[in-house]
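Undergrad: A single structure is presented below for examination.
The values are calculated or read from the model by the stated rules, or taken from the named source; none is laboratory data. Note that the structure is predicted; figures quoted are calculated from it, not measured. With ideal geometry, Cβ positions are generated from the backbone for all residues, glycine too; neighbour counts draw on all protein chains shown. Calculation scope for accessible area: heavy atoms of the full protein, side chains included, ligands and nucleic acids excluded. Shrake-Rupley method; radii C 1.70, N 1.55, O 1.52, S 1.80 Å.
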Amino acid sequence: MEAEKATDVSDIQNEDDLDEELGEVIESAPPLKVGEERELGTSGLKKKLLKRGHGYETPELGDEATVHYVGTLLDGTKFESTRDRDEPLTIKFGQGRVVKGLDHGVVSMKKGEIALFTLPAELGYGVVGGGGSVVPSNAIVRFEVELVSWITVVDLSRDGGIVKKIIEKGERNERPGDLDEVLVKYRVALVDGTVVAETPEEGIEFYVKDGHFCSALPKAIKTMKRGEKVRLIVQPQYAFGVEGRDANNGFHSVPPSSVLNIDLELLSFKPVIDVTGDAKVIKKVLKEGEGAWVANESASVTVSYIARLEDGTVFEKKGIDGEQPLEFITDEEQVTAGLDQAVATMKKGEQAILTIHPDFGFGSVEARRDLAVVPPHSNIVFEVEMLDFIREKAPWEMINHERLEAARRKKEEGNLLFKEGKYQKAGKKYDKGVDYVSEDGNFGDDESKLARELRLSFWLNGAACSLKLNDFQEAIKLCSKVLDIEFHNVKALYRRAQAYMQVADLVLAELDIKKALEVDPQNREVKLIEKNLKRLQVESNKRDAKLYTNIFGRMTKKLKVEKVENEKS
């Protein structure tokens, strides 16, 4: 090699004593050490590490890499060198720009790495040097390659219609979704460089789902991170097609069948969350909160807010302009359902705008609040900040007596809701109560007996809620859990029989009623549904008899017709 050779192994041999970089991925073989050579795959391509790279990421086939390389024969004859020109070369992997087979070597490199690749004759066939020198077809060649940098290239549409080149990586891993509000900066140009659209320096804000400029833009934005800068190459079918576009709304005209080059930067975005899943409580995060924990259900929360009507009329303030913050317990119906459910998803310090449908606000009634009247059927908007909260302890965070006490509390809360006719909420309390007294709780003997009684009570009460809500399969499931432990439990037999009767499984209902009366022959409620069952059985027998009569009638008629036809023939 001549003097321009980038690096000599002896110059950097001391780097071999360094520890492997943190985060380096070890796959089927350990990482190469400086000076070590290894064959890559089965193609015969060999790689010798001359200098370590930085980080742990490597390019992929399809990316665009900037490299320096020097190509030589085994005897040291140089046939190509970017260092002679002092200008690195940008190549796209998979297109064989340098030499066939070398792509698979370069994609094993890290940024700043220098490696010596030896290619067998079949991979180096037909290489022509930049100076016009021809490499013999049977020659073994070597390339000393330095990976200067690379640009990740992604085919977003998988048909070449939207190609994204990542110029600058973004922060963290969150990407905007359809509902989110994004702040972006972009510049759109035709292939000849004519600029047809450009945002102000501060960018432009819009909701991803609403789209903007052309269909490629929201598709690309949903793949980006905060701070990410990309160049998009957009084919006409994802821009303005064969028709192009006339100048309008401050945008220049776009000629028919135009390819667009879009320089795009995602400055920031505000996550928008559909809290209820039906778009009736929407939360837009203005400022992210601290840590990973959210308030959750049954948390003691302290919030400040300004509450407005859609026209901007303020009807209530808490924790603002001298007003005291509001303290309440979530999932206890102490505030409107929309505010209650949204606050349970917030972190400490989080600021958000909540848009609440009347179904989760004040409904169809007029509500007189501190500063104004909320008319019936009003959408309401809260600008709220989570000042602080104390989460309800999870079962695994509690010692035994705390778990038992929490379970008793859930039972009392559920019973109160049941008496008020709030069966769904009561069912949730019972369901949550079971978690505190699960069988894997490692209770002592006395505690275990009490936990078992509470567990059975939660299932029985939950079944009662399911019957009220016409969820008969759930009622059957919960009663069966009780009967797996207490096969003679009359309440469970009675409620499961009710559910079986509702789903028209009269045979199983009869079995449960008989078992219940064997245990408690004088039980008034069981006797009552036994009478109801007999009535249903009579009605069912009548329907069956009528059905069979019709079936046999049609069969008899068919046989008579066939007999007549046979006699005629």
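Undergrad: Against the condition aliphatic (A, V, I, L, M), in contact (Cβ under 8 Å) with a residue 12 or more places away in the chain, outside any strand (DSSP E or B) and farther than 21 Å from L286 by Cα, how does V163 come out, does it pass?
TA: No: the conditions fail for V163.
Undergrad: Within the bounds of the range 519-526, is there any residue that is touching a Gly at 6+ places or on another chain (Cβ under 9 Å) and either modelled with pLDDT under 95 or under 30 Å from Q334 (Cα atoms) (or both)?
TA: Looking through the range 519-526, none of the residues is touching a Gly at 6+ places or on another chain (Cβ under 9 Å) and either modelled with pLDDT under 95 or under 30 Å from Q334 (Cα atoms) (or both).
Undergrad: Which one of these is of a type outside the set (F, W, Y), out of contact with any Leu (no Cβ under 7 Å at 6 or more places or on another chain) and either in a loop (DSSP other than H, G, I, E, B) or touching a residue at least 24 places away in the same chain (Cβ under 8 Å) (or both): V242, V196?
TA: V242
Undergrad: On the basis of being aliphatic (A, V, I, L, M) and out of contact with any Phe, Trp or Tyr (no Cβ under 9 Å at 6 or more places or on another chain), does I353 make the cut? It would help to see each step written out before you state the result.
TA: Numbers: aliphatic (A, V, I, L, M): yes; out of contact with any Phe, Trp or Tyr (no Cβ under 9 Å at 6 or more places or on another chain): no.
So I353 does not fit the description; no.
Undergrad: Quick one: how many residues across the range 346-403 are more than 25 Å from I273 (Cβ to Cβ) and touching a helix residue (DSSP H, G or I) at 6+ places or on another chain (Cβ under 6 Å)?
TA: 3
Undergrad: Then there is this: Would you confirm, using the coordinates I've provided, whether V373 is surrounded by fewer than 18 Cβ atoms within 10 Å (Cβ to Cβ) and among the β-branched types (V, I, T)? Quick ask: steps written out before the conclusion?
TA: Details: surrounded by fewer than 18 Cβ atoms within 10 Å (Cβ to Cβ): yes; among the β-branched types (V, I, T): yes.
In short, yes.
Undergrad: Right, here's the next one. Residue check: is D311 of a type outside the set (F, W, Y) and closer than 28 Å to G363 by Cβ?
TA: Details: of a type outside the set (F, W, Y): yes; closer than 28 Å to G363 by Cβ: yes.
Yes.
Undergrad: If you don't mind, there's one more thing I want to ask. In the range 466-541, which helices (runs of 4 or more DSSP H) lie fully inside it and hold 2 or more residues that are under 20 Å from R452 (Cα atoms)?
TA: 472-485, 490-502
Undergrad: Check whether at least one residue in the range 291-300 is open to solvent by 60 Å² or more (accessible area, probe 1.4 Å), touching a Pro at 6+ places or on another chain (Cβ under 9 Å) and modelled with pLDDT under 95, and report yes or no.
TA: No: zero hits.
Undergrad: For the range 337-360, give me each residue that is open to solvent by less than 20 Å² (accessible area, probe 1.4 Å) and farther than 16 Å from S300 by Cβ.
TA: G338, A342, G349, E350, A352, L354, I356, P358
Undergrad: Filter the range 34-74 down to residues that are over 15 Å from L116 (Cβ atoms) and open to solvent by 80 Å² or more (accessible area, probe 1.4 Å), then give me how many there are.
TA: The total comes to 6.
Undergrad: Hey, does the range 141-158 have a residue that's surrounded by fewer than 15 Cβ atoms within 10 Å (Cβ to Cβ) and within 20 Å of P236 (Cβ to Cβ)?
TA: yes
Condition check ((1) in a strand (DSSP E or B); (2) closer than 30 Å to A279 by Cα; (3) open to solvent by 30 Å² or more (accessible area, probe 1.4 Å)) across all residues:
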| residue | (1), (2), (3) |
| --- | --- |
| L179 | no, yes, yes |
| V182 | yes, yes, no |
| R187 | yes, no, yes |
| E201 | no, no, yes |
| K219 | no, yes, yes |
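Undergrad: Continuing with this model, one more query. Which one is most open to solvent (accessible area, probe 1.4 Å), of the residues in the range 473-500 that are closer than 12 Å to W459 by Cα and among the β-branched types (V, I, T)?
TA: Filtering first and then ranking leaves I485.
Undergrad: Might you let me know whether the range 7-30 holds any residue that is in contact with a helix residue (DSSP H, G or I) (Cβ under 7 Å, 6 or more places away or on another chain), open to solvent by 40 Å² or more (accessible area, probe 1.4 Å) and modelled with pLDDT under 90? Talk me through it step by step, then tell me what you get.
TA: In the first step, residues of the range 7-30 are kept if they are in contact with a helix residue (DSSP H, G or I) (Cβ under 7 Å, 6 or more places away or on another chain); the result is none.
There is no residue in the range 7-30 that is in contact with a helix residue (DSSP H, G or I) (Cβ under 7 Å, 6 or more places away or on another chain), open to solvent by 40 Å² or more (accessible area, probe 1.4 Å) and modelled with pLDDT under 90.
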